[in-house]
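Data block below; observations after.
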Amino acid sequence: MHDLVSIRDLGKKDVEAVLSEAARMEKMPPKKSGELLRGKLVSTMFFEPSTRTNMSFQAAAKRLGAKLMTFYPSVSSTAKGETLGDTIRMIDGYVDAIVLRHPYEGAARYAADLAEHPVINAGDGGNQHPTQTLLDLYTIKKLKGKISGLRVSLMGDLKHARTMRSLLYGLGMFGADVNLVSPSALRMDEEVIRETKGMFGINVSQTSDINLKGVDVLYVCRIQKERFQDKYEGEKMQKEFRVDLEALRGAPEDLAILHPLPKVEEIPPEVDSDPRAKYFEQAKNGVPVRMAVLYLASKG
Amino acid sequence: MHDLVSIRDLGKKDVEAVLSEAARMEKMPPKKSGELLRGKLVSTMFFEPSTRTNMSFQAAAKRLGAKLMTFYPSVSSTAKGETLGDTIRMIDGYVDAIVLRHPYEGAARYAADLAEHPVINAGDGGNQHPTQTLLDLYTIKKLKGKISGLRVSLMGDLKHARTMRSLLYGLGMFGADVNLVSPSALRMDEEVIRETKGMFGINVSQTSDINLKGVDVLYVCRIQKERFQDKYEGEKMQKEFRVDLEALRGAPEDLAILHPLPKVEEIPPEVDSDPRAKYFEQAKNGVPVRMAVLYLASKG
Amino acid sequence: MHDLVSIRDLGKKDVEAVLSEAARMEKMPPKKSGELLRGKLVSTMFFEPSTRTNMSFQAAAKRLGAKLMTFYPSVSSTAKGETLGDTIRMIDGYVDAIVLRHPYEGAARYAADLAEHPVINAGDGGNQHPTQTLLDLYTIKKLKGKISGLRVSLMGDLKHARTMRSLLYGLGMFGADVNLVSPSALRMDEEVIRETKGMFGINVSQTSDINLKGVDVLYVCRIQKERFQDKYEGEKMQKEFRVDLEALRGAPEDLAILHPLPKVEEIPPEVDSDPRAKYFEQAKNGVPVRMAVLYLASKG
């Protein structure tokens, strides 16, 4: 692995290599991992804020012993009209690897083509966010011991949350059964579902009904209320697609509830202390997974 | 020490332990101190700006060889409505210790209860700022060789500057004599004075008169003019409670003038070169004192 | 070298020492250079944004193994009215060296006088930007093997771009022939030209004509359109003083095109892939040159 632009650039073996490297990183004592990228200089370039991704990439780079530069567009030449290409080339001339977050789709691919050093996509618009998908898969595998054959429900605004498409792709690659739970107005694009089923031969069902019977993993994302012309409509949907203690009554005891965070109303704080709530643990897995990605990309 | 939330959580022996650890840190060569927290990852979380505190905590963490992440709310999920609790839990999942500055009283206690790793309070609203009190005590002890029996004047807006209350508490713990100098409208809360006298049996006097005869330490804080409805009133008071060369005429030669900084009009620049001005030295002591706190908290 | 405030504080031998130290830095393996300033703490203080300078100083400090603090005025006490002097003294108390960028002319000299530790000027207003001049000289020498006797054209708004004056001074010191190419309304100050000629005895010519015949190095800077009362006038000039492929037709094959970056319209992207475009390489040289400066200043 040189760059990491899209989960679709990775074969199953590549993903497995990341997951097993992440497991190794998680167990490694800090003094040992702190030698792995010693002398390397990594820059994060976040053209839009994304706290969790930003902080866990920073933590990952530092735990690997790399030196880190953080570049924010607010202190940037882009104000003076410099092109993204020139900015990438500048940073590429200073450092050994780049972690890029950008609001435009395709920005990561463009940067990876331009830069000599590895470019890791930390999210480019609604397009790809491959390390999120990797940490989701890592979390599921760690909690359940496997991914194949699990019954996974993806719930929320599946129309707009495009990272859910990448997750569906990743789950398909590993042979999970997927149930898509959303308001009928917020269903995932049919073409994406057809494609994933065709590629991996997995079962994908769709429903508007939160039924948690027999579910192994419930992956929740928020309703993007700001997308609705009628704000009231969005709020109504959020109330229906909310995972509270009421909704969890009767759910399996070994259910794992995941969420990319930050969460707002879709999971109320009362759920945090339920042993099935695994999203804080999931967030924590962002560090070893991003350590694995940075390490594998830097090794080349 | 695991967390440091309030000076009131520390007994006299704890404070003495911090002060003597700070003295050790101040003398330690950088290459040696740089090994003490090697492999540890510390995050500052400043929900409001406070340059001096922020920079000296950063310097302290780096001088101890810790890796540092700086988290500013402007690049934060709080905009999307995430609770402080979730944000703390996220960072707690990434790092080994947290330095928290927050505008709300009680935020540090709440964070310390929630986080697995040590939380150091770098100021929570008008409430507590324990490392400031520790560095004030450290500075006084270093300059004067002792605290017990010293005559210390605290001067300025003692009504609103609540860190002055913590300092009074700390001075009481070590048996100093304290004189509170303020406009009569800006006196320290009577209850606080009564309590400190009752606990530690020290002498505390009050006056509106700047008389520096026999004073060992003059600790100045600014008049918070923005608190006055009548701005002119505030400015008038600042003019009267101003430590300029005129006010210092006749003051003891070994007087130590301290100030938490930044200073504005309450001490004009002409005083900076007076040998009695010790506030820059005081600011510098922030680094070894915060090194001591971070080290003791990380050791557990 | 203790401080670096102005190129005019350096003799030719000092400049040569920086250039040869930079050459050594560029070749040094990261693990070795990473020991040179180990245990040292450097703070950047950027009172105005300047991405490239900021990032390459950060990269330089990190590649030398120094610990780095980044201070931005937005998180600063200056809002509360603190003087620059007090801010400098504070940071000086925390760290071992300061890299200062400030919008006011003379700020770097003032800071250097005040601080105990080395102060490196990373640009003070339109005044001085000595590390830019040093990296320009380094780049020219590296590309051409020498500076003496080269024919160098400086092109653009030579009236307002005062860093061009420093470059003229540096080129004079090394005995280059300089041709100043600008709209007649944007010529360099006559006094500066006379002085440089007088000091170093070099040839300096002036023209409004872009003629690249026989030119070894073309150094381009942008027309500062915002300086014109009539915006249209500025845009017209920029169009005439634009280095596109058309303008490069007939230029020598071994011409080196330099630019301090960021570039906007004065060099269109089509030129980037021309082998004569050396500005990205030039930007990259900022790191070893700033490593050399930080190292020499810290050694004292």
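The values are calculated or read from the model by the stated rules, or taken from the named source; none is laboratory data. Just so it is clear, the model here is predicted, and its values are computed rather than measured. Every residue, glycine as well, gets a Cβ built from its backbone with ideal geometry; the counts of neighbours run over all protein chains shown. Each accessible area value is taken on the protein alone, full model and side chains, heavy atoms only, with ligands, DNA and RNA left out. Shrake-Rupley method; radii C 1.70, N 1.55, O 1.52, S 1.80 Å.
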**Charged-residue dipole, Cβ positions (Lys, Arg, Asp, Glu), chain C about Cα centre, Debye nearest 20** = 920
**Prompt:** Among rounded, prolate and oblate, which fits the protein assembly as shown when a ≥ b ≥ c are the square roots of the eigenvalues of its C-alpha gyration tensor, a/c under 1.5 means rounded, and a/b larger than b/c means prolate?
**Reply:** oblate
**Pair A:ARG38, B:ASP230: separation of 7 Å Cα→Cβ label points (nm)** = 6.8
**Prompt:** Total Å² of accessible surface buried at the A-C contact, 1.4 Å probe, nearest 100?
**Reply:** 2200
**Request:** Might you tell me the accessible area per residue for the protein assembly as shown, computed with a 1.4 Å probe and given in Å²?
**Result:** 39
**Helix-derived mean residue ellipticity, 222 nm - over chain B, DSSP H n ≥ 4, -39500 (n - 2.57), to 500** = -12000 deg cm²/dmol
**Asked** Averaged across the residues of C:35-41, what count of C-beta atoms belonging to other chains lies within 10 Å of each residue's C-beta?
**Response** 3
**Request:** Can you bin chain C into rounded, prolate or oblate? Criterion: square roots of the alpha carbon gyration tensor eigenvalues sorted a ≥ b ≥ c, rounded for a/c under 1.5, prolate for a/b above b/c, oblate for the rest.
**Result:** prolate
**Request:** Counting other Cβ atoms within 10 Å, keep those with at most 12, restrict to DSSP loop, and tell me which trypsin sites (Lys or Arg not before Pro) in the range B:153-253 are left.
**Result:** B:LYS213, B:ARG249
**the range A:1-120: relative contact order in percent, alpha carbon pairs under 8 Å with at least 6 residues between** = 32
**Message:** If each residue of separation counts as 0.36 nm, what is the full-extension length gain between B:SER205 and B:LYS31 once their alpha-carbon separation is subtracted?
**Reply:** 58.0 nm
**Fill in**
Scoring only Lys, Arg, Asp and Glu (+1, +1, -1, -1) among other residues with Cβ under 11 Å from the Cβ of A:HIS102 yields -1
**Prompt:** How high is the relative contact order of chain C, in percent, counting Cα pairs under 8 Å that sit 6 or more residues apart?
**Reply:** 21
**Prompt:** So what is the relative contact order of the range A:130-283, in percent, for Cα pairs below 8 Å that sit 6 or more residues apart?
**Reply:** 22
**Request:** Name the longest site-free stretch of chain A, where the excluded sites are GluC sites (Glu not before Pro) in a DSSP loop with no more than 15 other beta-carbon atoms within 10 Å.
**Result:** A:117-252
**Message:** Let me check something: with ligands and nucleic acids excluded, how do B:THR133, A:THR83 order by accessible area (1.4 Å probe), largest to smallest?
**Reply:** A:THR83, B:THR133
**Inter-label distance for B:LYS12 and C:LEU245, nm, one decimal - labels placed 7 Å from Cα along Cα-to-Cβ** = 8.4
**Request:** Name all residues of the range A:224-238 having a backbone nitrogen under 16 Å from the label point set 7 Å from the Cα of A:SER184 along its Cα→Cβ direction, giving them as ranges.
**Result:** A:237
**Request:** Set the Förster radius R0 to 60 Å, insert the Cβ-Cβ distance between B:ASP274 and A:PHE280 as r into 1/(1 + (r/R0)^6), and round the FRET efficiency to 0.05.
**Result:** 0.65
**Message:** Which of C:THR196, C:THR44, C:THR207 ends up with the largest GNM mean-square fluctuation for chain C, with Cα atoms connected below 10 Å?
**Reply:** C:THR207
